[in-house]
Every structure is written in structure tokens, then in C-alpha cells.
Amino acid sequence: MTLDRLQNYIGGAFQPPLSDAWMETENPYSAAAWGLIPRSGAEDASAAVAAARQAFESGPWAEASPTARAGMLRRIAEVVAENAEELARIEVRDNGKTFAEMHAQVRRIPDWYNFYAGLADKIGGELLPEARPGHMTYVRHEPLGVIAMITPWNSPLMLLAWKLAPALAAGNTAVVKPSEFTTASALRFAGLVREAGLPAGVLNVVGGLGAEVGAALTAHPDVAKVAFTGGVSGGRAVYTAAAQDLKPVSLELGGKSPNIVFGDADLELAARGVVSGIFGSGGQSCVAGSRLLVQRDLHDAFVARVVELTEKIRLGDPMSPETDIGPVANRPQFDRIMTCIGWALEDGATCMTGGTQVRDPEGGPGLFVAPTVFTGVSNDMRIAREEVFGPVLSVIPFDGEAEAVAIANDSPFGLGAGLWTRDVARVHRVAARLQAGSVWVNTYKATSQIAPFGGYKASGLGREGGVEMIADYLQTKSVWLNLTGEVPYGFPL
């Protein structure tokens, strides 16, 4: 079978990698390759950066008014909305998540472009009080330049929108390096925004490996900032490389998020929220609620209900409306999940359900892991400290509020946390003490373009979303005007 060759998008045109090297992209459900993506190198990355820099410095984008940029963002929102089903199908084919989930995600993406379109022409300056006699001083907020965006495979277009929408609203240009496992949707998106009229060079997409393309972009002297979403090791590499020429970075790196259930909670709501919080997306979510902290006196009954709900989860074809969880997105991640399950068993945890590979109930060769619940977990076990990024829940009992907060915070991560209680005073008390960038109360995993998102500790640096986050794609300049006509400071010439 001849596979389609998907080309890089650089300077407004699709083109093959300069090396003419390619990699297969696979459907994790069928385990069959369906296309070839570019295996680009440093030269391709440099070409994309050059195109982005040229677009930033001259031409229609550089000369566009903030109102014109806002209009462009709204057109991007329109073409995404018009092509949401196609984009979702591409993402399902690449990462194995259910069509229901990916279609819902893509349909929310226009909200991000519309939100930041509304901010594009609100970027003002400031006239300062007289700082020196006879001088006027004002402040300008200007775009940074070329932004390198390195995105993951679990929610490719959504997490790109979190970066691209504010960057374009601020007047920057972009070079995107998608995950090698999910490059196709970014390239199709690039074609759509070209049709929408985005000027050449404003958006560039280069396929390839992180060590080859991502590293080249991060180290490139003409890249003004790196925005990265991925694992901790990748984040450290980006941070280290960017530090060599003092580039700013934003890093969203994942978590080991606690879901804390107190005895006064609506326990049925909590049980369903816990199951959704870890097993939705097959656990392949940076905010997956992978640690269940449950008050000790309701531990056994609550775990029994969680197990009961877990065993009702339907695995299968991600395009089927009957499927709750599709396959793991790729073989390396499948192997990682099975390794983590092995750790839990070695360290003495008890597997209440799951813990095994599941053969596709419909006969396919897909990479399925049974939704897994472990009890007998202590917070110092590897399964409680390492991000699994799969359908694995660790249950840890606690006796009181102070212990619950201590266990929740005893983690290298701090991205999200869930809190299930009817006690309003406890809500505010515990939410203030949790070391997490987002705290959900009697719900889980809610996100919006209006709310900042990001983590404490090893979960990253910076935030995405919200009004103030556009400032992360701007730099500040002070302008001084001498109104006196006199030589500054009276220097004798």
C-alpha cells in the first residue's frame, strides 16, 4: 500500500524535508501505518525560523493593525469550526482517543481564537507621570518575535491553540513542532489557516523528532521564546537549552494530581468524578486524577463503588459511539504504562481490577490497557510518585484534613487537584493550602480560555489561558521624549 506523504509547511507552502527522510505515522487502534510524516532536521527548522522572522519583520503581518490581527484570529476560529469533524477524525486516527472526546475538544478550539481576538486590539501602552523635568515617558508593549511551539500527542490541536492564539494576538509569528506521533492534524490545520488568509510565514509546521527538530528550534538564535507541553525530561532539556541565550520559556509538564474525597461529600457524584477524572482520555491527560485520597472510614465502600464503575468502562474502536476508552496512543507509552503497573505490584500494592493488557474486544491488534485500580498504596511508592499517563488509579487513605493536604502536597508535581466535600469552609481552607495550579471542587478537569492554567513545582513554569497570559507573549519598552530642547543632563560639549 502506498502511504500519503505529509509535507512540512514553511513560508506559506508545503514542502518535503530537505533530507527527504520520512517516518510512518500509525493508527494505534489498527496498528497500521496510514501516512508518512517528515523526519526533518536542523536545516528545515532554520528555514521555518527564517520564514517566521521575515513575516514578523516585514510584509502584511508586520504591518497589520491590531484590529486586522483580531479579524484574522476570528477567521481561524471559523475555519476550525467548519472543519471540526475532519480535524477530530485525523486526531483519532493518530492518537487513538475516542471521536466523541476529540470532536468535543476541536469544537471548543474556536473559543480560544475568538477570546484572544478580543484582546488583540486591547494591548495598550501607558503614559507615565513626569519622571524627569521636561521629559515625557510612555510604555509600549510589543511582540517578542518568533515563538517556537512544541506540542504533545494527547490533545494536539487544543494545546496548540493555547499557545498560538495569544501569540498571534500579540503580533508574533510561530514555528510549530508537533509530536512525531500526531503531526497530521497540525499540518491539516496549517492548510486551513492558509485558506483563511493567514499571511505566509506567520505559521510554520515542521515534523520530526524532538532531539532533532525541537532541539534545533530551542537553540536557534532567532527564536524569541519557547512554549512547550510535554514530559518533565523534555521540559528540562528545553529549559536548559533555552537558558544558553536567555530565552523565556513556558513549560506545562504534567502531574500526579490528587482527588481528595471527604466523608461529607456526595459520594456517588465523587465516585463518578473520580472515575471520569482518571479514566477519561484513557488516563492520557496531564491533569489525570491518578491519586485517590479517600477518608479512611469510607475507604472500603467507596473503593468498591469506584471498582464497580471502572469495570463498566467499554474499550474498543475509538470511532464507535459505544466506546469509552480507545487504545493507548503509541507503543512507547503502552510499554511505560505496563512498566508502572509492574512497579506497583513489586512494591506491594493490591490490584483491585485491571492491571493487564486487554486484547481488542472486536479482534483488532490495538494497544489496550484495562482500567486499573490499586489499593494498599503508600505515597512513597513509585506508582504514587511517577506520572503514569495511563488508566491507572492509586488509592491512598487518610484520617483527617491535615493529613489529606500533607499527602496531596507530598509530590514533585502540582498541576491539578480535586476536592469533594459539602463543607464550604473546608473548600476554601483546603483549596488555599493545596499546591496546585488548578483546584476543582465537586468537579474535575474543567478548563476554559478565560482561566489561567499551569502548575506548581515540576509541573511547569508560566500559565496558559486568561486575560493576563497574553503578556507572556509581549515585551515592554520605555520611550523617553526630551521636550526642552536642551542637552540632556547639561553635559558640557
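The values are calculated or read from the model by the stated rules, or taken from the named source; none is laboratory data. This one's a predicted model, so the numbers in the text were calculated from it and none came from an experiment. All Cβ positions, glycine included, derive from the backbone under ideal geometry; neighbour counts span all protein chains shown. Only protein heavy atoms, including side chains, enter the accessible area calculation; ligands, DNA and RNA are left aside. Shrake-Rupley method; radii C 1.70, N 1.55, O 1.52, S 1.80 Å.
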key: Dipole magnitude of the chain about its Cα centre (Cβ charges: Lys, Arg +1; Asp, Glu -1), debye to nearest 20   = 580
query = How much accessible surface area, in Å² rounded to 10, belongs to the heavy atoms of Arg93 with a 1.4 Å probe?
reply = 90
request  = For Val369, tell me the accessible area in Å² from a 1.4 Å probe, rounded to the nearest 10.
outcome  = 10
key: Straight-distance crosslink candidates among lysines, where the alpha carbon sits under 20 Å from Lys225 and sequence neighbours closer than 8 are dropped   = Lys163, Lys177, Lys247, Lys477
message = Quick query: amide H of Leu203 versus all other amide H atoms, modeled in the peptide plane; which residues come in under 5 Å with a sequence gap of 5 or more or a different chain?
response = Ala174
message = Is there a quick way to get the dipole size of the range 244-288? I mean about its Cα centre, with the Cβ of Lys and Arg at +1 and of Asp and Glu at -1; what is the value in debye to the nearest 20?
response = 180
ask   = If you rank Tyr239, Tyr138, Tyr456, Tyr444 by how much accessible surface each has, with a 1.4 Å probe, what is the order from largest down?
value = Tyr239, Tyr456, Tyr138, Tyr444
note = Projecting the Cα atoms of Val328, Thr375, Ala241 onto the charge dipole of the range 240-381, where Lys and Arg contribute +1 and Asp and Glu -1 at Cβ, the residue farthest towards the positive end is Ala241
remark   = Using a 1.4 Å probe on heavy atoms of the protein chains only, the accessible area for Lys312 in Å², nearest 10, reads 120
Mean Cα-pair separation over length for the chain, i.e. relative contact order, pairs under 8 Å, 6 or more apart, % = 18
query = Got a sec to turn the phi values of the range 17-31 into Karplus ³J(HN,Hα) couplings, 6.51 cos²θ - 1.76 cosθ + 1.60 with θ = phi - 60°, whole Hz, x for Gly and Pro?
reply = x, 4, 7, 6, 9, 9, 10, 6, 10, 10, 8, x, 7, 8, 6
query = Which cross-chain or sequence-distant (5 or more) residues have an amide H under 5 Å from the amide H of Ala21, H modelled 1.01 Å from N in plane?
reply = Arg39
inquiry  = Using the Cα centre of the chain as origin and beta-carbon charges of +1 (Lys, Arg) and -1 (Asp, Glu), tell me which of Ile147, Val358, Ala32 is placed farthest towards the positive end of the dipole.
reply    = Ile147
message = Bin width 5 Å, origin at 0, all Cα-Cα pairs of the range 327-470: what percent of pairs per bin?
response = 2, 9, 15, 17, 17, 17, 12, 8, 3, 1, 0
remark   = Rounded to the nearest Å, the spacing of the alpha-carbon centers of the range 80-131 and the range 1-68 is 20
request  = For the range 151-280, give the magnitude of the charge dipole about the Cα centre (Cβ charges: +1 Lys/Arg, -1 Asp/Glu; no others), in debye to the nearest 20.
outcome  = 260
Built amide H within the under 5 Å cut-off of Val358, gap 5+ = Phe368, Val369, Ala370
task = Return a whole-number percent for the relative contact order of the range 287-444, with Cα pairs under 8 Å and 6 or more residues apart as the contact set.
result = 23
task = Positive end of the charge dipole of the range 41-135 (Lys, Arg +1 and Asp, Glu -1 on Cβ, about the Cα centre): tell me which of Pro110, Pro129, Thr67 has its Cα farthest that way.
result = Pro129
ask   = Given a cut-off of under 8 Å on Cα pairs at least six residues apart, what relative contact order in percent is computed for the range 330-396?
value = 33
note = Taking every DSSP bridge whose two residues both lie in the range 331-464, the antiparallel percent to the nearest 5 is 55
ask   = Using the Cβ atoms and a cut-off under 9 Å, what net charge is assigned to the surroundings of Leu18, where Lys and Arg are +1 and Asp and Glu are -1?
value = -3
request  = Divide by every residue of the chain the summed helix terms, -39500 (n - 2.57) for each DSSP H run of at least 4, and state the resulting mean residue ellipticity at 222 nm, rounded to the nearest 500 deg cm²/dmol.
outcome  = -11500 deg cm²/dmol
Exposure rank, largest accessible area first [Thr350, Thr476; 1.4 Å] = Thr476, Thr350
task = Can you sort Phe181, Phe228 by 1.4 Å-probe accessible area, starting with the largest?
result = Phe181, Phe228
